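Student: To start, I am sharing the structure in question, which I have written as structure tokens.
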Amino acid sequence: MPTAIRFFVHHGLIGLAIGLVFVVLILALDIGHIRSLATQSEMGHVVVGMLVVAFGATFGGAQIAFAIMLAPREDGDERR
């Protein structure tokens, strides 16, 4: 696998894991009564799935962007 693809996948999975942690915290702490609403609804699994996808995509993209911005430059120029 090319290095760039491995870089994106690795950091995307890290961001996905961070997003998953946030979803677990939101549900565990019942922020906004989301856990209560999800457990009382027939479609609660859809709500949790949507949260996981949304947070995973957001944090995955942010982690990839963060990793790219902090990557060392190839031309040897120092960061400012």
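Student: Counting only helical runs of four or more DSSP H residues, what would the 222 nm mean residue ellipticity of the chain come to if each run contributes -39,500 (n - 2.57) and the total is spread over all its residues?
Tutor: Estimated from H runs of four or more residues: -26500 deg cm²/dmol.
Student: Further question on the same structure: Taking H placed 1.01 Å from N in the peptide plane, check which residues at least 5 places from ASP30 or on another chain put their amide H under 5 Å from its amide H.
Tutor: Answer set, sorted by chain and number: ARG35.
Student: Just read off the accessible area of ARG35 with the full protein assembly in place, 1.4 Å probe, to the nearest 10 Å².
Tutor: Counting only protein heavy atoms, the figure is 100 Å².
Student: Also: Can you work out the Karplus-derived ³J(HN,Hα) for every residue in segment 61-68? Use 6.51 cos²θ - 1.76 cosθ + 1.60 with θ = phi - 60°, whole Hz, and x for glycine or proline.
Tutor: The phi angles translate into x, 5, 5, 5, 4, 4, 5, 5 Hz.
Student: Comparing GLY32, GLY12, GLY56, which has the greatest mean-square fluctuation in the GNM of the chain with Cα pairs linked when under 10 Å apart?
Tutor: Maximum among the listed residues: GLY32.
Student: Return an integer: the convex hull volume of the alpha-carbon atoms of the chain, in Å³ per residue.
Tutor: Working: hull volume 7.5 nm³, N = 80.
So the per-residue hull volume is 94 Å³.
Student: For the chain, report the accessible area per residue in Å² (1.4 Å probe, heavy atoms, rounded to an integer). Walk me through the numbers on the way to the answer.
Tutor: On the way: 6100 Å² over 80 residues.
Per-residue value: 76 Å².
Student: Which angle from 0 to 90°, rounded to the nearest 10, does the C-alpha axis of helix 3-29 make with the longest principal axis of the chain?
Tutor: With both axes taken from Cα atoms, the answer is about 30 degrees.
Student: Roughly speaking, to the nearest percent, how much of the chain's 1.4 Å accessible area is carbon and sulfur?
Tutor: Details: 4340 of 6100 Å².
It is 71 percent, rounded to a whole number.
The values are calculated or read from the model by the stated rules, or taken from the named source; none is laboratory data. This one's a predicted model, so the numbers in the text were calculated from it and none came from an experiment. Surface accessibility is based on the protein's heavy atoms, side chains included, excluding ligands, DNA and RNA. Shrake-Rupley method; radii C 1.70, N 1.55, O 1.52, S 1.80 Å.
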